[in-house]
1. State whether one or more residues within the stretch 1-8 are in contact with a strand residue (DSSP E or B) (Cβ under 6 Å, 6 or more places away or on another chain) and part of a loop (DSSP other than H, G, I, E, B).
2. Go through (1) under 31 Å from the mean Cα position of the chain (by Cα); (2) modelled with pLDDT under 90; (3) aliphatic (A, V, I, L, M) for Val16 and report which single condition fails.
3. Looking at Ala65, Ala22, Ala96, which is the one that is at pLDDT below 90, out of contact with any Cys (no Cβ under 9 Å at 6 or more places or on another chain) and under 30 Å from Cys192 (Cβ atoms)?
4. Residue by residue through the stretch 9-55, note down the ones that are small (Gly, Ala, Ser), within 16 Å of Pro117 (Cα to Cα) and part of a loop (DSSP other than H, G, I, E, B).
5. Quick one: is Asp111 within 22 Å of Ser39 (Cα to Cα) and either among the β-branched types (Val, Ile, Thr) or at pLDDT below 90 (or both)?
6. Restricting the first residue to the stretch 180-201 and requiring it to be closer than 23 Å to Leu100 by Cβ and in contact (Cβ under 8 Å) with a residue 12 or more places away in the chain, which pairs with a second residue that is outside any strand (DSSP E or B) and among the charged types (D, E, K, R) meet a Cβ separation below 8 Å and a spacing of at least six or different chains?
7. Looking only at the stretch 94-121, count how many residues are over 17 Å from Val21 (Cα atoms), crowded, with 24+ Cβ neighbours inside 10 Å and in contact with a Phe, Trp or Tyr (Cβ under 7 Å, 6 or more places away or on another chain).
Amino acid sequence: GYGGDGGAGVSETGTVTDGGVAYGTRNAYALCGSGGGDSALPGDLGGSGGGTVYICSLAQLQISANISANGAPGNSSAGGGSGGSIALVGPKISGAGGALHADGGRGGHADGAGAVPSFGGGGAGGRILLRIDSSSSSNAVEYTPSKISISGALSGEQGSSEELGKGESGTILFPSCPPGFGNQLSEPYAFCELCGAGRYSESLDAAECSYCSNAPTHSSYTGTGQVSNACPYSCNVGFSPPDCKKPLDSILDSIGGWYVLVILIVAFLAFFLLVVAMWRHYLQKRRQAYAKDYYLDESTVFNH
């Protein structure tokens, strides 16, 4: 193993031998991959480990070619070699196309005279590193390879259980990206991509962009490259900002909800009925006063 543990192999007698363990760190990355384990049979040699590719520039490093540091397959029933290392170092790394491969080599297989067929374990994937040597990280990584592969190889076991003895995948040492950018830490891998809509990155970090969570229901995020968790969003058609609710719901919320609306309606109706009652009472008193004055006037005329 190098970037991961190597796969286990099986001898003609059925003895299982574990693969090699991973080694190397971020500070010790430019190492060769380990060779696969030899078989007990004469001449059955394990595959060679992948080599080291170290490319460094004091200025901009532009990559557009395929770069490989793969492990070799095992001979006969021997184990496959682990992938090697690829290190790209510079103040700025750019380019498009080309692929990076640090894959393990497949284990060998032999149908011997033993009780079971023997096979070698698959080699583990290697390590790929991008390191930015610059005081400014802004736009320091504009590199988009067509493929990045650190796959562990299958063992030489032939049948329905090909995962048996498979080497582990290798590791990628991602660069630190400026705010608004993030790495893609799972396949398909990517370096320092602009955070998409609904994602953000607040600081210089080698992690992925984080997901925003401030947008309400009935909305969608807008804008890319956000540097805080207050991500911009727009309400869907028919819904009103800032909470992206229907206009009626927004009005209800502004007055305190349905219960308050019912209370207001009841209060309005009660006030309206009170006004009507008072008005009718006033009109009735006016009629009574008018009738009283009319009768007084008539009695005065007849008395004279």
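The values are calculated or read from the model by the stated rules, or taken from the named source; none is laboratory data. Not measured: the values here are computed from a predicted model. Ideal geometry is used to build each Cβ from the backbone, glycine not excepted, and the neighbour counts take in all protein chains shown.
1. Yes, there is a match, as at least one residue in the stretch 1-8 is in contact with a strand residue (DSSP E or B) (Cβ under 6 Å, 6 or more places away or on another chain) and part of a loop (DSSP other than H, G, I, E, B).
2. It fails just one condition, (1).
3. Values: Ala65 fails: at pLDDT below 90; Ala22 fails: at pLDDT below 90.
Going through Ala65, Ala22, Ala96 in turn, the sole match is Ala96.
4. Listed by number, the residues that qualify are Ser11, Gly14, Ser39, Ala40.
5. Answer is yes for this residue.
6. What qualifies is Gly182/Glu208; Asn183/Glu208; Gln184/Glu208; Leu185/Glu208.
7. 1
Conditions tested, residue by residue: (1) modelled with pLDDT under 85; (2) surrounded by 15 or more Cβ atoms within 10 Å (Cβ to Cβ); (3) out of contact with any Pro (no Cβ under 6 Å at 6 or more places or on another chain).
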residue	(1), (2), (3)
Leu129	no, yes, yes
Ser134	yes, no, no
Pro145	no, yes, yes
Glu162	yes, no, yes
Gly167	no, yes, yes
Ile172	no, yes, yes
Phe181	no, yes, yes
